[in-house]
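J.: The structure under discussion is supplied below as structure tokens; questions concerning it will follow.
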Amino acid sequence: MRSRAAAPVSVLLFVLAACAKGGASPTASTAPSTAPTAATSAATSAAPAALTIYGAASLKGVLDKARTAYETANPGTTLTISTDSSATLETQIEQGAPADVFLSADTTNPKKLVDKGLAAGAAVTFAGNKLTVIVPTTNAAGIKTPADLAKTGVKVIAAGDAVPITKYATQLLANLAGEAGYPADFAAKYTANIASKEDNVKAIVAKIELGEGDAGIVYVTDARASTKVTTVDVPATANVPATYAGVVVKASRNAAAAQAFVTWFAGPDGQAILSTFGFLPTS
């Protein structure tokens, strides 16, 4: 009995030894990989989530269209869009507002969040813009060039000091003061004509549309979006480039999904939408 039982055991040991010798290192084709593939990583990062996007007022039309496109491409994901002055939104995030992504009309406000440790990673630039002067379609003040903004009696509608459009407009005024035909005190005369300071650039456009002001400096994209204003060209040599940047908010509960959206928005799909509204690509 004992010798009969030993034979199968010997055979089994021989087979196991042969397998161990011939297959000690499984090949890549047979071994299951625990490392996620690029496709898996992308799918994980874009997993369905509810995201709150804080965006500059000048991005409202873009973000409305982007929401539809992104939700269609990512079933189960929902985007809630909130737009206002970039400075206002940055302050709200500092104070704990539940935003997942912040898309600003400048690079300064996103950098504030990065510097204060409130952003997950560095800011990502995603669009450019230019400035123009708008007047009501009736143009009752007869404004023909930006130089007319310094004429006595002209009612200029501007934005608050912290709003990005004001920073860009201030630089534009300084540039225009150096142009031929503009007085050296052009900026001071313009400032004296400011009739009101609005919360954001959309509010400037709204007041000009209603004829509550004679002119305002806004982004080219905002002028393009309105059928109730006319533009007055700004000399190309004096115009100021505006650079838009965004960050993922560190406090986001859906950081991976938020990063996936920022990557998408700054990528070809988002750029295609931005370009239809007149935004420029970043260099």
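Derivation of every value follows stated rules applied to the coordinates shown; laboratory data play no part. Just so it is clear, the structure is predicted and the values come from calculations on it, not from any experiment. Glycine also receives a Cβ, built like all others from the backbone with ideal geometry; neighbour counts cover every protein chain displayed.
J.: If Lys and Arg each add +1 and Asp and Glu each add -1, what is the summed charge of the other residues whose beta carbon sits under 13 Å from the beta carbon of residue 132?
T.: Surrounding charge for residue 132 is 0.
J.: Still on this model: Mind scanning 116/207; 65/228; 60/197; 130/228; 65/130; 116/197 and naming the pairs with a C-alpha gap bigger than 30 Å?
T.: Violating the 30 Å limit, Cα to Cα: 116/207.
J.: Under 20 Å Cα-Cα from residue 112, which lysines qualify once same-chain neighbours fewer than 8 residues away are excluded?
T.: The qualifying lysines are 167, 250.
J.: Have a look at 97, 128, 109 and report the one farthest towards the positive end of the charge dipole of the range 83-149, computed about the Cα centre with Cβ charges (Lys/Arg +1, Asp/Glu -1).
T.: About the Cα centre, the residue reaching furthest to the positive side is 128.
J.: Sort the following peptides by mean Cβ neighbour count (other Cβ atoms within 10 Å, averaged over residues), highest first: 74-83, 213-222, 101-110.
T.: On the way: 74-83: 15.6, 213-222: 25.9, 101-110: 24.3.
Averaged packing, sorted descending, gives the order 213-222, 101-110, 74-83.
J.: Same structure, new question: Going highest first, how would you order 59-72, 178-191 by mean Cβ packing within 10 Å?
T.: Final packing ranking: 59-72, 178-191.
J.: Take each of the peptides 242-252, 164-174, average the number of other beta-carbon atoms within 10 Å over its residues, and list them starting from the highest. Don't skip to the end; give the middle numbers.
T.: On the way: 242-252: 23.0, 164-174: 21.3.
Top to bottom by mean Cβ count within 10 Å: 242-252, 164-174.
J.: Toward the positive end of the charge dipole of the range 148-283, about the Cα centre and with charges on Cβ (Lys, Arg +1; Asp, Glu -1), which of 262, 183, 163 goes farthest?
T.: The one lying farthest along the dipole's positive direction is 262.
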